[in-house]
Amino acid sequence: MPQDPYDRATTRFWSKFIDDKFIPTLGMVLKTQGEEQEKAMKEAEEALKTLERGGLIFGGEAISIVDISANCLSIWLEVFGEAIGTKFIDSEKFPLICSWIEEFTSIDLVKESFPPRDKLLAYHKRLL
């Protein structure tokens, strides 16, 4: 956690926002179909817009708690989208988030922690 009280509060806010707002909404997108899924997709997009509008650029010099919370935005979101036949993020709508994804997933430690993409995709397609 950052030493500065404002930075610490900001870190807590964004981490909690991702954990309490975005992740449950993403779960609803994956668990539902039809109108319910469309509603959940809109909520997920609104949460992403909030992250983007907040000018949130995660991390910095080292991986932070916000980066860890936002890990679901990295390869996972792309795989989940492919599994259900949609695309959650594009660089025109969400340039800051896409930039973070590119930076975050290029870190060797992060790359080593991900399961192979093809196995992850096959697993989630079986679940749905």
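The table that follows gives values for the structure above.
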read-out	value
Radius of gyration and Dmax over the Cα atoms of region 75-128, both given in Å	12.1, 32
Efficiency of FRET from Cβ geometry, D108 and E82, R₀ 22 Å, rounded to 0.05	0.35
Contact order normalised by residue count of the chain, Cα under 8 Å, 6+ apart, percent	24
Probe 1.4 Å, protein heavy atoms only - accessible area per residue of the chain in square angstrom	63
Solvent-accessible area, 1.4 Å probe, carbon plus sulfur percent, for the chain	53
Model label zone, Q37; criterion: amide N under 12 Å from point 7 Å along Cα-to-beta-carbon; scope region 85-105	85-87
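The values are calculated or read from the model by the stated rules, or taken from the named source; none is laboratory data. Because the structure is a prediction, the values reported are computed rather than measured. Cβ atoms come from the backbone with ideal geometry, glycine included; neighbour counts cover every protein chain shown. Accessible surface is based on the protein model in full, side chains and every heavy atom, while ligands, DNA and RNA are left aside. Shrake-Rupley method; radii C 1.70, N 1.55, O 1.52, S 1.80 Å.
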